[in-house]
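Peer 1: Can you read through this structure? Questions will come right after.
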Amino acid sequence: MNSRWLLWSLGCGVALAGGGEPPRPSSPFPVDEAFAKHREAMVRAQIEARGIKDPAVLAALRRVPRHEFVPDAQRRFAYEDRPLPIAAGQTISQPFIVAVMTELLRVKPGQRVLEIGTGSGYQAAVLAELKLEVYSIEIVAELAQSARVTLSRLGYDRVHVRAGDGYAGWPEFAPFDGIIVTAAPPKVPQPLIDQLKPGARLVVPEGVQEQELVVYEKRVDGELHRTSVHPVRFVPMTGKAQERK
């Protein structure tokens, strides 16, 4: 893949894609149609053109209204390929990294996935568009509630959000057909590996000063295979993960 995405951010405000305000529509389209045009341009120029090939992932990104997951003051930037500030000093993820991590999961409609780090709810919405049952945990209670309200308002009833420390996963609904972690633990929590179904994948940024995006695949015999994808830069996973360095 293009070296421009060797460093990603999911919460620290770093982005390598070009900035600037999206062009304003030249004709008086309704607001939603204008956003749809910007969203389509984002997917074509920043997602598809940079190597994302899964048609289901691309279609999901075309459907999810990212502008609904950001504060009003940030909506004009919603379809730039970069993180944007949300509540509690956090950010909404860069669309390209959302696409990469989603594609790496290799999940199928009807399967059950776990997300650690709900944030704005944008990544969960993309997963729901793949017809997945999504269980998402957010350690910041304010964000969990806000994401729950937004996802419900937009009709994403496949997403179940709860506030809490994601280190322990969500054992009541384990095992999962895929797990995605949106903050970097020093080492992947063992409970998440335990809750991964044989044959499934866990996608996680791992490390402290030097981080890398990693895919853990649990083989059908229970053996764990680790693949490093690329260097990344994410916010650290907080809570119990910091006690287990």
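The values are calculated or read from the model by the stated rules, or taken from the named source; none is laboratory data. Computed from a predicted model, the values in this text were never measured in an experiment. Cβ coordinates were reconstructed from backbone atoms using ideal geometry, including for glycine residues, and neighbour counts include every protein chain displayed.
Peer 1: For segment 64-81, indicate whether the set of residues that are under 13 Å from the mean Cα position of the chain (by Cα), within 21 Å of Gly239 (Cβ to Cβ) and of a type outside the set (Val, Ile, Thr) is non-empty.
Peer 2: Within segment 64-81 (the criterion being under 13 Å from the mean Cα position of the chain (by Cα), within 21 Å of Gly239 (Cβ to Cβ) and of a type outside the set (Val, Ile, Thr)), the answer is no, since none of the residues qualifies.
Peer 1: Still on this structure, I have one more. Pull up segment 126-144, narrow it to residues that are in a helix (DSSP H, G or I) and touching a strand residue (DSSP E or B) at 6+ places or on another chain (Cβ under 7 Å), then point me to the one that is surrounded by the most Cβ atoms within 10 Å (Cβ to Cβ).
Peer 2: Once the filter is applied, the top-ranked residue is Leu127.
Peer 1: Does at least one position in segment 44-53 carry a residue that is buried (at least 18 other Cβ atoms within 10 Å of the Cβ), under 15 Å from the mean Cα position of the chain (by Cα), assigned to a helix (DSSP H, G or I) and not charged (D, E, K, R)?
Peer 2: yes
Peer 1: Right, here's the next one. Taking the options Val161, Val220, name whichever one is at pLDDT below 95, out of contact with any His (no Cβ under 6 Å at 6 or more places or on another chain) and not in a helix (DSSP H, G or I).
Peer 2: Val220
Peer 1: Which condition breaks for Val149 when tested against (1) touching a residue at least 12 places away in the same chain (Cβ under 8 Å); (2) closer than 28 Å to Arg66 by Cα; (3) not in a loop (DSSP other than H, G, I, E, B)?
Peer 2: Every listed condition holds for Val149 apart from (1).
Peer 1: Which of the following residues is among the charged types (D, E, K, R) and in contact with a Leu (Cβ under 9 Å, 6 or more places away or on another chain): Arg112, Arg76, Arg106?
Peer 2: Arg112
Conditions (1) in contact with a strand residue (DSSP E or B) (Cβ under 7 Å, 6 or more places away or on another chain); (2) surrounded by 15 or more Cβ atoms within 10 Å (Cβ to Cβ); (3) farther than 22 Å from Ile137 by Cα, marked per residue:
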| position | (1), (2), (3) |
| --- | --- |
| Thr182 | yes, yes, no |
| Pro189 | no, yes, no |
| Asp194 | no, no, no |
| Pro205 | yes, yes, no |
| Gln209 | no, no, yes |
| Tyr216 | yes, yes, no |
| Ser228 | yes, no, yes |
| Pro231 | yes, yes, yes |
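Peer 1: Those residues that are over 24 Å from Thr150 (Cβ atoms) and not hydrophobic (A, V, I, L, M, F, W, C), I need them from segment 28-68; list them, please.
Peer 2: Pro28, Arg44, Glu48, Arg50, Gly51, Lys53, Asp54, Pro55, listed by residue number.
Peer 1: Hey, any hits in segment 129-150 for a residue that's modelled with pLDDT of 95 or more, in contact with a Leu (Cβ under 9 Å, 6 or more places away or on another chain) and under 21 Å from Pro236 (Cβ atoms)?
Peer 2: yes
Peer 1: Just checking, which of Ala73, Ala99, Ala88 is of a type outside the set (Lys, Arg) and either in contact with an Asp or Glu (Cβ under 6 Å, 6 or more places away or on another chain) or not in a helix (DSSP H, G or I) (or both)?
Peer 2: Ala88
Peer 1: Which pairs have Cβ atoms under 6 Å, sit 6 or more apart or on different chains, and link a residue in segment 159-179 that is at negative phi to one that is surrounded by fewer than 15 Cβ atoms within 10 Å (Cβ to Cβ) and not in a loop (DSSP other than H, G, I, E, B)?
Peer 2: So the pair list comes out as Ala163/Ala141.
Peer 1: Could you check segment 111-157 and list, in sequence order, the residues that are aromatic (Phe, Trp, Tyr) and under 19 Å from Pro205 (Cβ atoms)?
Peer 2: The one that is aromatic (Phe, Trp, Tyr) and under 19 Å from Pro205 (Cβ atoms): Tyr122.
Peer 1: So, one more: Within segment 54-70, how many residues turn out to be in a helix (DSSP H, G or I) and surrounded by fewer than 19 Cβ atoms within 10 Å (Cβ to Cβ)?
Peer 2: 7
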